[in-house]
Amino acid sequence: MAQKAAKTLASRNAAVLTRTHVISATIHILFIILHQVFNRPRSLKPYFLLAFPTLIIEFYLDRIGRPTYNADGSVRSAGEDLNATGLTEYMWDVLYWTEGCIVAACIFNDRAWWLWTVIPIYSVYLAYTTVMGVKKGFSGMGGGGDEGEFEGARSKRELKKEKRGDRPKHRTR
């Protein structure tokens, strides 16, 4: 059963990597051809500067995700899961966004490279939300703090009763 999972992961990784390489090569070649044909006045510096990290990411994803096989054709290593969350997911986002920026630069001229600034802004946003999530997770572990922090200690039922003004009724005999 485990061998079947490894074969499935290996075939999926190989297909994803092949598709990614073909699409990426097509986009890069198209950009260079269009840039040469239309003799754009600007240089290729933004292209090389902003596309180079994408090529490094693509090489890295190929390195970790490419399956290796034994001489008899059995799977030696299926590679890492390329659909994993976290850093791998972020690398795919950078790869896709940069390819979109290249296509936009083909269509709308070199000013479309400014779209690439979304990547650092997105990185700062992810870092901020991660830090705030960790901070919130650690806040309940200290023991001290404001009275408002202990609001969650009461049950929802108690909070509803207090909001309605219900008071416990005592029986008198």
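Among the criteria (1) touching a residue at least 12 places away in the same chain (Cβ under 8 Å); (2) surrounded by fewer than 17 Cβ atoms within 10 Å (Cβ to Cβ), the one GLU99 does not fulfil is (2). Condition test on VAL75, is it surrounded by 11 or more Cβ atoms within 10 Å (Cβ to Cβ), of a type in the set (A, V, I, L, M, F, W, C) and under 14 Å from the mean Cα position of the chain (by Cα)? Here the answer is no, as VAL75 does not meet what is asked. The set of residues from segment 78-87 being open to solvent by less than 80 Å² (accessible area, probe 1.4 Å) and of a type in the set (Asp, Glu) comprises just one member, ASP81. Across segment 20-70, the number of residues qualifying as among the hydroxyl-bearing types (Ser, Thr, Tyr), modelled with pLDDT under 90, closer than 19 Å to ALA112 by Cβ and surrounded by 11 or more Cβ atoms within 10 Å (Cβ to Cβ) comes to 1.
Pairs are defined by a Cβ separation below 6 Å, a sequence spacing of at least 6 or placement on different chains, a first member in segment 119-145 that is closer than 30 Å to LEU95 by Cα and assigned to a helix (DSSP H, G or I), and a second member that is among the charged types (D, E, K, R) and modelled with pLDDT under 85; no pair meets this definition. For TYR90, the stated conditions do not hold, so it cannot be described as hydroxyl-bearing (Ser, Thr, Tyr) and open to solvent by 60 Å² or more (accessible area, probe 1.4 Å).
A search for C-beta distances below 8 Å between a residue of segment 71-82 that is polar (S, T, N, Q) and any residue that is surrounded by 13 or more Cβ atoms within 10 Å (Cβ to Cβ) and assigned to a loop (DSSP other than H, G, I, E, B), counting only pairs 6+ apart in sequence or on different chains, returns SER77/PRO67.
The values are calculated or read from the model by the stated rules, or taken from the named source; none is laboratory data. Everything quoted here is computed from the prediction, not taken from an experiment. In this analysis, Cβ positions are derived from the backbone assuming ideal geometry, glycine residues included, and neighbour counts consider all displayed protein chains. SASA here: full protein model, heavy atoms, side chains in, ligands and nucleic acids out. Shrake-Rupley method; radii C 1.70, N 1.55, O 1.52, S 1.80 Å.
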